[in-house]
Structures are given as structure tokens and as C-alpha cells.
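Below is one structure, written out as C-alpha cells; the observations come after it.
The values are calculated or read from the model by the stated rules, or taken from the named source; none is laboratory data. Just so it is clear, the model here is predicted, and its values are computed rather than measured. Please note: Cβ atoms are built from the backbone with ideal geometry, for glycine as well, and neighbour counts cover all protein chains shown. Heads up: the accessible areas ignore ligands, DNA and RNA and are worked out on the full protein's heavy atoms, side chains in. Shrake-Rupley method; radii C 1.70, N 1.55, O 1.52, S 1.80 Å.
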Amino acid sequence: MRFRLVIILSLLLASSALSSANPGGEGDEIRSMECGGSCHGDPGQNGISSASIELEISDEVWSGLLTTITIHVNGSNPSESRLVGAFLLTNDQGAKDTPAHDGWQIIADPNGGLSNYVEMESSRGSDSLSFTWTLRAPQGGQHSLMAAIHHGSDSGGIAFIGKSPLSQISVVDPPENLPRLSGDFSPPANRDIGEQLTITLETENVDSFIVEYRLEGGTPIDLAVKDGKFTLPVAVNAGVIEWRALLEGEGPDQTTPWFRVVTQEDGWQVDEPTLFLQGFALLILGAGLVLLQRPTSDDENLKKYDQTPAFSTGELNNPSPLPPIPVTGLPAGWNMEQWQHYGQQYLDDLVRGGSI
Amino acid sequence: MISSGTLHVISTELVVGMFALAGISFLMCALDKGPEARESIAHWALLGGLLATPLAIITGVNAAPGDGLDNPLLANKLLLSMTATGLSLGLIIKWKRGAAIDRIHAGIGMIATGLIMTTASIGGEFSRGETLLFFLPKEIVFLFPKWASIIILILGLILIVKSTIQHRVRAGTSIS
């Protein structure tokens, strides 16, 4: 038995794989490099990713205005879940490295949120991903940005990290008369399926503008603008639509970056009060069923200690029948109680010719 | 500063460890083997697991990405853990009332442990995307309509009240 147990335990241990990766991902969030060691078990045991990581951003951007940055990741060869996590960082020190630490403001992340770490699934066919952020540039000066990625491996044993080199970006103050989007304007980053999104463009130093949109990477199409408003086509399924504005005014004409509007499929939804009510009902029912369960052990215990067949109470209550008393009467010195118990033995001895 | 995720791991290990101990002790009770203290160990471990469960739930809710119950795995975790909690509470109350530990009692204890283990496994699948229980239909949530839940709730309350009355009658009889 013990030998079998050892064999089973050994097989179980042998079948497990030591992995520091997290194939389910960690979710989009504001994170420092390597999540401070919390995403992959031990950063010291991570492998170096063979993926190519490139940053696409203008060398020069206007201070306080919107710009986009794209991280291109190719050949990551991630785990079975195909998840690749990408960080947008300002340095590789592992602390105080989020864009906000250097004055960048995230307007939209690749998934339509406000995180500097996002996860996306890499397709099996191309194994390439592009992560695009919309940022508001910080104050003028030299700034740096870099990308880092996290992913698992096919075998699932090792977690991988990858980093891009630091990219230097000159942030310069825009000319006063530069046609621009208003400082208060934040482009919407996501919408629901079936939603027709109307955007009111807020501008400064702009005499006129035109807007065009495209499906991700497609050919630009002009949009009708009326009273500074334009409407993006209805989203019929999940995907990304991009739009940009061409601004004309006194200063040099400007073209905004492509702003992404992400449409995601409705997540799984449940009527939470109904679920909580059912959970509570199951709790009460479970407790009630257990409490009302009649113990079978009472009868079984009684049977265990029941010695009826071995020890008949009838024998106790009904003493043996009185042997016939000889015509000469009871033997000398005997009383009736003695006769009752030993009388039959006395008679048997008499029959055998013995004497008491 | 400790993140909710780390705290959740700690509290989950407390719950799973306590329930695992309870489950093994209940198994010993069912087999009628092991130390005499197995009954006490089973029920006290069950109680310990129940006490740690709220901490695990709170830290789990804080650690989970997104808002609310937006995943069928989370919904199933809720239903399984609530059922296990109900069974465990019933077992502990019954034990404190002095009921004998028969095989059905021990079997229910093992079922409660199994439900908690399944809950923990689903949690692992939710966070890590891996599971040994790949054969379970965890993406399907058996959600009753409200009226059905209310009927179940009333039924459960009736059972509890009835068992309490029976217990008091029995206790009164044994005293007299």
C-alpha cells in the first residue's frame, strides 16, 4: 500500500512543470517594469525574449498636445494562450518608470483603457502585434520612452521578458498660432457594439478642419463634419476604427495622430442580485439538509452493541422449570431454591446409581 | 505595501489548507481509522476554513481585474463556495449538537472539501489560465430564476427550523 502511494505521488510530482509564467495574464494596469516582480514569479529566472520590439513615434512632438506611440512586437512565440503583455515605460530602472512619472498622460491605451501595461493575444499565423497608445506630451525638453514585453513559452516552462532600447524624443513648445486640438479635448477611446459615436471636436486656432477615418490600417475615408461634429460609422462587431483631423488655420496646417476607438464584444454578464440570492439560498439549503439528515449511526451503533442472540434475556426472566420433587420429599438440608437449580442434577445422579 | 493579489494567495492557502485537513480527517472518520481526535480535527479545521473564507473572498474581489462578476468562472466560484459554506456550517452545528459522526456526515464533509478545492482550482484557472479540472463545464453557470431561489431559500429555512425543533424535543426528552 505504501509502495503504491509513493509511486502515485512520484508520478504526480513528475507530471508537474515548474513554471514562473502566468499564462492567464495579469490584466491591464499601471505597472512598473516586470510588475515589480509580481507578474512572473521570479524575474531572475526569466528568459530573454527573441521577439523584435520596435517603437514607432515621432522624434519631435508638441508639448501639451496629443501624439501616438506604437510598439511593434514580432516573433514572440508565446504560450498556448497566446497572451503577450506590453509595457510602455520611461526607463529600465524598474521603479518610477511609468509614463506619468515623466509627465506623459495616457489618453488611451491599445485596449481603450488608461494603462501603461496591456495584454493582447498574438495570432498564430503572423505572431505579430501592434500596441498603440495615445499620449499627451509633457513639458518641453528631452524625454525618453521604451517598451518591454512579457510572455510565456510554448513549453510553458519559462517566462520571457524583452526590452526595446530607449527612444529619445524631443518635446517642443508649439507655436502660439498652431492649429491644434483644445487642451481639454480627450478623444473617446472605446464604444459598444451597435453604437454610433458622435464626436464634437474642440479646437484652438483652427479656421476649418476635415476628418477622415479608416478601419485599422485601411484606406482613409472622409467624414462629413457639421457644426464641429462628426459621426463614426456604427460598430457592427468588435474591432478598431481610427480617425484623425486635418486642421487649418493661421499657423502651419496640422494633422492629428490617428486616434483609435476600440469596440469590444460585450463581456459575460449576469444579473448579480439573482446570482447572490441563489448563492445565499444554496448556503441555507445546504445547511438545512445537513442539519435535518437523520443519523444512521444510532441504529448501527445499537446493532453493534446489541448482544441479543448471544445473551437471551428470556433466560434471566424465566428460570429453569422445577424438577419433580421425589416422593420422599426434598433431600435433607435442601431448600426449594437449591432444588430448583440442582434438583435435576440430583435426580440424574440417582438414575445413574450414584450418590450425592 | 502588499497587493491584494498577494493577500489573496495567503488567505486562499489558509482556506484550502484548513479544508484539506478537514477533508482528510473526514475520510478517516468514514474509514473508521486514525486517531481518536479525528472528529474534532475535522470540525475545527472546517471552522478554521470557514473563518478564513471571508478574507479570501474580499481580497479576491479586490485582486480580480475588471468590475464585478464579469466572468462565468467567478460566478461558479461564488455558487460553489456558498454551497460548501452551507454544508460546512450544517456539519459544525450538527456536531456541536452532539450528533454521531456517521459515514453520511463524513461524506458530506468530504463533499464540502471537494467543493472548496474545486473553487480554488477555478480561481487558479481564472488567474493563471491552467487547470487540472479541464473536464468540468466551468463556463456554464446554472442560474435559477429569482422565484426558484426564493423557494429554495424558504425550503432551507424550513429545514433549519424543523431540525432545531427536533433537536430541542430530543434534548428535552433526554433530560426528562
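Averaged over the residues of B:3-12, the number of partner chain Cβ atoms lying within 10 Å of the residue Cβ comes to 1. How many Cβ atoms of partner chains, on average, are near each residue of B:125-132 if near means within 10 Å of its Cβ? Per residue, the number of nearby Cβ atoms from other chains is 5 on average.
With the whole protein complex present, A:Trp258 retains an accessible surface near 40 Å², based on a 1.4 Å probe. Remark: accessible area buried at the B-A interface is about 3700 Å², both chains counted, probe radius 1.4 Å. Annotation: amide H of A:Glu216 within the under-5 Å range of A:Val240, A:Glu242, sequence separation 5 or more or interchain, hydrogens built in the peptide plane. Cross-linked pairs B:Lys33/B:Lys94; B:Lys33/B:Lys96; B:Lys96/B:Lys162; B:Lys96/B:Lys138; A:Lys96/A:Lys163; B:Lys138/B:Lys162: Cα-Cα separations exceed 24 Å for B:Lys96/B:Lys138; B:Lys138/B:Lys162. Scanning residues 5 or more positions from A:Ala51 or on other chains, none has an amide H under 5 Å from its amide H, with H placed 1.01 Å from N in the peptide plane. Averaging the sequence gap over all C-alpha pairs within less than 8 Å and six or more residues apart, then dividing by the number of residues, gives chain B a relative contact order of 26 percent. Of interest is the spacing of the C-alpha centroids, which for the stretch A:45-100 and the stretch B:24-71 amounts to 42 Å. Spin-label model, B:Lys33/A:Arg352: points 7 Å from Cα along the beta carbon direction are separated by 5.3 nm. Here the accessible area of chain A is 51 percent carbon and sulfur, with a 1.4 angstrom probe and all protein chains present. These residues, A:Phe160, B:Phe134, go from largest to smallest accessible area, 1.4 Å probe, as B:Phe134, A:Phe160.
Working from Cα positions, state the angle (0 to 90°, nearest 10) between the long axis of helix A:336-351 and the longest principal axis of chain A. Between helix and principal axis, roughly 60 degrees. Once the Cα atoms are used to define both axes, helix A:2-15 deviates from the longest principal axis of chain A by about 10 degrees.
Modelled this way, with points 7 Å down the Cα-to-C-beta line, the labels at A:Ser52 and A:Asn177 are 4.4 nm from one another. In this structure the stretch A:189-228 gives 64 Å² per residue of accessible area when probed at 1.4 Å with all protein chains present.
Each label point was placed 7 Å from the Cα along the Cα-to-Cβ direction; for A:Ala238 and A:Asn74 their separation is 2.6 nm. Between the residues A:Ile241, A:Thr198, A:Val225, the greatest Cα displacement towards the positive end of the dipole of the stretch A:175-269, with unit charges on the Cβ of Lys, Arg, Asp and Glu, is found for A:Ile241.
Subtracting the Cα-Cα distance of B:Val61 and B:Thr164 from their residue separation scaled by 0.36 nm leaves 33.6 nm. If R₀ is 51 angstrom, what is the calculated FRET efficiency for the pair A:Leu5 and B:Leu157, using the beta carbon separation as r and rounding to 0.05? The computed FRET efficiency comes out at 0.70. For the stretch A:271-282, 3J(HN,Hα) computed residue by residue from phi via the Karplus equation (6.51, -1.76, 1.60; θ = phi - 60°) reads 6, 4, x, 5, 5, 5, 4, 5, x, 5, 4, 5 Hz, glycine and proline entered as x.
Amide H contacts under 5 Å for A:Thr203: A:Ser182, restricted to partners 5 or more places along the chain or on a different chain, H placed in the peptide plane at 1.01 Å from N.
Counting only other chain Cβ atoms within 10 Å of each residue's Cβ, the peptide B:95-106 averages 3. Equivalent ellipsoid of chain A: semi-axes from √(5λ) of the C-alpha gyration tensor, largest first, are 92, 27, 17 Å. Provide the FRET efficiency to the nearest 0.05 for the A:Trp268-A:Glu121 pair, computing r from the beta carbons and using R0 = 22 Å. Once rounded, the FRET efficiency stands at 0.80.
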